[in-house]
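My questions will all concern the structure given below.
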Amino acid sequence: MSQILTSSLSNPVPLLRSLTMTFGDNALLPLLLGDHDRHLARIEQKLGVRLACRGNRIAISGTAGQVAAAEAALAALYRQLEQGEVLDGPKVDAVLRLTDPAAEPRLPLSDLPAIRTRKGAVGPRSAGQAAYMDLLACNEMVFAMGPAGTGKTYLAVAQAVAMLTSGKVDRIILSRPAVEAGERLGFLPGDMKEKVDPYLRPLYDALNEMLPGDTLTKRMASGEIEIAPLAFMRGRTLSHAFVILDEAQNTTPVQMKMFLTRMGEGTRMVVTGDLTQIDLPPNTRSGLADALETLEGVQGIGVARFANSDVVRHPLVGRIVEAYDQRYAALKDHARERMG
């Protein structure tokens, strides 16, 4: 494994620092820089540092905190290249989120959790994801709330696949309430499977990311992986399974209680949702909100709350979510002023 050598010199300007990193493998350095140095530009923009590459060295200039964050980011990205990974924009962004001086938790990147599947290790791309992965590893039941694109379902499916392939559970059960934007199943064409499949498609997509296509088909045919609407859970006891309820904000309190009480011996449950995206009829209370008020703090239950900063899709998605949040907050303030 190549060694990264660092040397630092104090900058005469107060509170500023410069540091030079030396990389041992010249073949990996162009990959670290990116086409036309685009990875370096990304790091400069995000962390507010100045980077200059000469030969096999990269000089970093900025405040002490900025330099430390950039050094950690470059070291982590170089380590990924040594392990045979391919760097792209999303991977660079993921490391930058985790090395941002304002990020929490401030774990060394080498200590971050990872979920290992046969398609490779799945690591966190934000501080919120790192905390969530710890909860998935340590709790029998986890609730995860937050906006789209934060990895709530994706990481839960990754943990489920890892536990299934390692023999820690016998099956995976993925479920969603078939309630979307006021539509009703009876008016959709096709048999029951054709009616509900569109609602469950995101779960299929996540599984396809984790398992080879033929393996997924075989495991679904054998019943080791089951994808079903929430209504199909009634009356069952789910033992030695990893069970995920997605889009749980669209359950009623009665449905949520029914689902949670299906838990049997050796079972893990994950409940995900976004309380800003409730599609239930007016004046119907969300089962997710009700469950959180009832169960948060109960031993064995973990709760993960994601913020807009945890959105790991296209950067524009994070800005869209933020813009909607600001608009809704302004509308609420205006309504309160009118009522006052």
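The values are calculated or read from the model by the stated rules, or taken from the named source; none is laboratory data. This is a predicted model, so every value here is computed, not measured. For neighbour counting, all protein chains shown are included, and Cβ atoms are generated from backbone atoms with ideal geometry for every residue, glycine included. Accessible surface is based on the protein model in full, side chains and every heavy atom, while ligands, DNA and RNA are left aside. Shrake-Rupley method; radii C 1.70, N 1.55, O 1.52, S 1.80 Å.
Please go through the stretch 24-36 and give me each residue that is under 18 Å from Ala75 (Cβ atoms) and under 31 Å from the mean Cα position of the chain (by Cα), ordered by number.
Listed by number, the residues that qualify are Leu28, Leu29, Pro30, Leu31, Leu32, Leu33, Gly34.
Pull up the stretch 127-166, narrow it to residues that are among the β-branched types (Val, Ile, Thr) and assigned to a helix (DSSP H, G or I), then point me to the one that is surrounded by the fewest Cβ atoms within 10 Å (Cβ to Cβ).
Step one: of the stretch 127-166, the residues among the β-branched types (Val, Ile, Thr) are 142, 150, 153, 157, 161, 165.
Next, from what is left, pick out any that are assigned to a helix (DSSP H, G or I): 153, 157, 161, 165.
Values: Thr153: 22, Val157: 29, Val161: 27, Thr165: 16.
Once the filter is applied, the top-ranked residue is Thr165.
Okay, moving on. Considering only residues that are of a type in the set (D, E, K, R), open to solvent by less than 60 Å² (accessible area, probe 1.4 Å) and at pLDDT 80 or above, which ones fall in the stretch 92-126?
Of the residues in the stretch 92-126, the ones of a type in the set (D, E, K, R) are 93, 97, 100, 104, 106, 111, 116, 118-119, 125.
With the extra rule that they be open to solvent by less than 60 Å² (accessible area, probe 1.4 Å), the set shrinks to 93, 97, 100.
Answer for the stretch 92-126, where residues must be of a type in the set (D, E, K, R), open to solvent by less than 60 Å² (accessible area, probe 1.4 Å) and at pLDDT 80 or above: just Asp93.
If you go through the stretch 25-56, how many residues are in a loop (DSSP other than H, G, I, E, B), without any contact (Cβ under 8 Å) to a residue 24 or more places away in the chain and buried (at least 17 other Cβ atoms within 10 Å of the Cβ)?
Result for the stretch 25-56: 1.
Moving on to the next point. I'm checking my understanding of the structure. Among residues of the stretch 167-178 that are assigned to a loop (DSSP other than H, G, I, E, B) and in contact (Cβ under 8 Å) with a residue 40 or more places away in the chain, which one is surrounded by the fewest Cβ atoms within 10 Å (Cβ to Cβ)?
Filtering the stretch 167-178 for residues assigned to a loop (DSSP other than H, G, I, E, B) gives 167-170, 177-178.
Filter again for in contact (Cβ under 8 Å) with a residue 40 or more places away in the chain, leaving 169-170, 177-178.
Numbers: Val169: 21, Asp170: 15, Pro177: 24, Ala178: 21.
So, considering only residues that are assigned to a loop (DSSP other than H, G, I, E, B) and in contact (Cβ under 8 Å) with a residue 40 or more places away in the chain, the one surrounded by the fewest Cβ atoms within 10 Å (Cβ to Cβ) is Asp170.
Condition check: surrounded by fewer than 17 Cβ atoms within 10 Å (Cβ to Cβ), among the small types (Gly, Ala, Ser) and either in contact with a Cys (Cβ under 9 Å, 6 or more places away or on another chain) or modelled with pLDDT of 90 or more (or both). Does Ala59 satisfy that? So that I can check it myself, show each step before the final result.
Values: surrounded by fewer than 17 Cβ atoms within 10 Å (Cβ to Cβ): yes; among the small types (Gly, Ala, Ser): yes; either in contact with a Cys (Cβ under 9 Å, 6 or more places away or on another chain) or modelled with pLDDT of 90 or more (or both): yes.
In short, yes.
Any residue in the stretch 255-269 that is of a type in the set (Asp, Glu) sitting within a Cβ distance under 7 Å of a residue that is open to solvent by 20 Å² or more (accessible area, probe 1.4 Å) and in a loop (DSSP other than H, G, I, E, B)? List the pairs, counting only those 6 or more apart or interchain.
From the stretch 255-269, the pairs are Glu265/Ser239; Glu265/His240.
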